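Written out below as structure tokens is the structure these notes cover.
Taken together, the values in this text are just the output of simple stated rules run on the coordinates, not laboratory data. Quantities reported herein were computed from a predicted structural model and do not represent experimental measurements. All Cβ positions, even for glycine, are placed from backbone atoms using ideal geometry, and neighbour counts span all protein chains on display.
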Amino acid sequence: MINLNTDTRLNILLPNMNKALDEVVKNATPQQLETLKEGKDIKSLLSSVFQDKISSSKSDTLLLDLLKNSSAFKQMGNLSDSLSTLIKELKNSPDFTAKSAVLENFLKNITTIDPQSLKSQIANSGVFMESKIAHALEKIPNLTQTLEQLKTTLSKDPSPMSKTLQEKITTLLSSPQLKTASNEPQSALTLSNSLKEMRTSLTALLSKSDPLYSAEVRALSQQLDTHTTVQELKSTLSQLYGSLLRSNTSETNTLLDGIEKLLKTLSSSSGDELKTFSETLKSAIHEGNITKEASAILAKLGDFTNPKELMNETFLKESMREDLKSNLLTLTEELKTSTEPNASKILDQADKLLSVIDYHQLTSSLSASNSLYFPFSWDQLEEGSLAFKKSKNQKFYCEINLRLKEYGELNLMMALYEENQLEIQVHTEKEELKNLIQENIAALRSVLIEAQLTPRTIRIHHRDEKGSEQQMYEGDDFGSSVGFEVIV
């Protein structure tokens, strides 16, 4: 599976102007501009648009509508073709021949597609460039927050190992390395080594969790509510007593006293006393068990153990080297001062590519999704885009819109839920393509199953069929809940 960060707010804006937004605002009516009054110029409007908003504002909705209906972006074309044209121009210009080799890395043919190459193409598409910068600058603050969370979690565990680990965290939080690691290699190395040791200690702590939080005690606590005979209850309580004798938590003595009392009076005690003890035991297990929470933090700490990634300059240098937008911006800066005869022509090509990337960045932000161009080269493709979205009910959506040279428009909407349950809607412009997909349904289903995805529903429609339109984003009632369904 591909892991994508569904929060697409771009927290950092470089000084360059967003070309897509510039085009939209330039063609907006006075009334529309009045609605967009959050910003008085392009720069301030961008600052407003890219805030991390909980819900879309009126200006967001209007701006997205203007963006999608702007004539300048209705026929953006195939980015791979535009990139190929740029590379060809660079190869014909002696001063920029070397640049062509770098950009050729972004031209991947669809026949080479696999999960890793798709993930790489999406990550380096340029749409996430500012997010990478934000991630780099937030690395140390996020580490500090993670350590604070771990310290709070460990405070619930009274074991000596936990207390020792808390002291180490306190020392690390006040260490100079935490403040200088983003700029100094030695500090980054020292900090990463400390974090590796901390992960080892935390792993050892979790492996020696107090008996109160063991699977055995949890199972016995559940049995208290199911036994009906006195003998069964006595047996369960005796097993609990033996397990808790090895516990060192502050609640242990109270729980042991409660078991002793129940064992003495079980035949004459009321059901309320047993119920009260059961609730007390379950509460103690739930409130003091740090295993789940600490395990999640343990996984987070792994993201901070590479010293290179702790250093802003090193991390950005490596990640920007692979980013398409970063390379295009560097190229345009050099072209602006170049005396190469074709510099102006090449600059126009680079600007065109940047406009496509800016368009998808802006669309992503305004629609709270991940929108990007089709990141692979394909002879059949005239134009294509992808969009990823996560809903409140934990469904993940992927929308693919293609314009094919031979078959016209092809629109696919896929919904993934419960980890591997997949629903697919297909809309074709041409009946020929609809029939072709229908003929290959069995092969498609086999490929999905091999990829450990369960195709619950595949619906295939001609675009103009009455009643074929369905909004997958709107609810949970799409598709069949049982078996495999194909609707054509």
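Couplings 3J(HN,Hα) for the stretch 86-100, derived from phi with the Karplus relation 6.51 cos²θ - 1.76 cosθ + 1.60 (θ = phi - 60°), are 4, 4, 4, 5, 5, 5, 8, 10, x, 5, 10, 4, 4, 5, 5 Hz, where x marks Gly and Pro. When 107, 83 are arranged by Cβ crowding within 10 Å, least crowded first, meaning fewest neighbours, the order is 107, 83. Put a dot 7 Å past the Cα of residue 256, heading toward its Cβ, do the same for residue 303, and the two dots end up 4.2 nm apart.
Return the long-range amide H neighbours of residue 373 (sequence gap of 5 or more, or a different chain), with a cut-off of under 5 Å between placed amide H atoms. Here 386 satisfy the definition. Of 169, 153, 195, whose Cα points farthest to the positive end of the dipole of the stretch 131-208 (charges on the beta-carbon: +1 Lys, Arg; -1 Asp, Glu; origin at the Cα centre)? Value computed over the given set: 153. Distance from the Cα centroid of the stretch 368-402 to that of the stretch 283-338 is 24 Å (rounded to whole angstrom). Rounded to the nearest 20 debye, the dipole size of the stretch 218-338 about its Cα centre is 280 debye, using +1 on the Cβ of Lys and Arg and -1 on the Cβ of Asp and Glu. Each residue of the stretch 317-330 is assigned a 3J(HN,Hα), and the resulting list reads 4, 6, 6, 6, 5, 9, 9, 5, 5, 4, 5, 5, 5, 4 Hz, derived from the Karplus form 6.51 cos²θ - 1.76 cosθ + 1.60 (θ = phi - 60°), x at Gly and Pro.
Less than 5 angstrom separates the built amide H of residue 454 from those of 421, 422, all sequence-distant by 5 or more or on a different chain.
For the residue pairs 119/392; 132/163; 88/317; 168/325, alpha carbon separations beyond 30 Å are given by 132/163; 168/325. For residue 224, nonlocal amide neighbours, meaning residues 5 or more places apart or on other chains whose placed amide H falls under 5 Å from its own, do not occur. Phi angles across the stretch 291-302 convert, under the Karplus curve 6.51 cos²θ - 1.76 cosθ + 1.60 with θ = phi - 60°, into 3J(HN,Hα) values of 4, 5, 5, 5, 5, 5, 6, 4, 5, 4, 4, x Hz, Gly and Pro given as x.
When a footprinting reagent is the concern and you count Cβ atoms within 10 Å, what order do 133, 169 take, fewest first? Mind showing how you got there, number by number?
Working: 133 22, 169 19.
If I rank by nearby Cβ atoms, fewest first, I get 169, 133.
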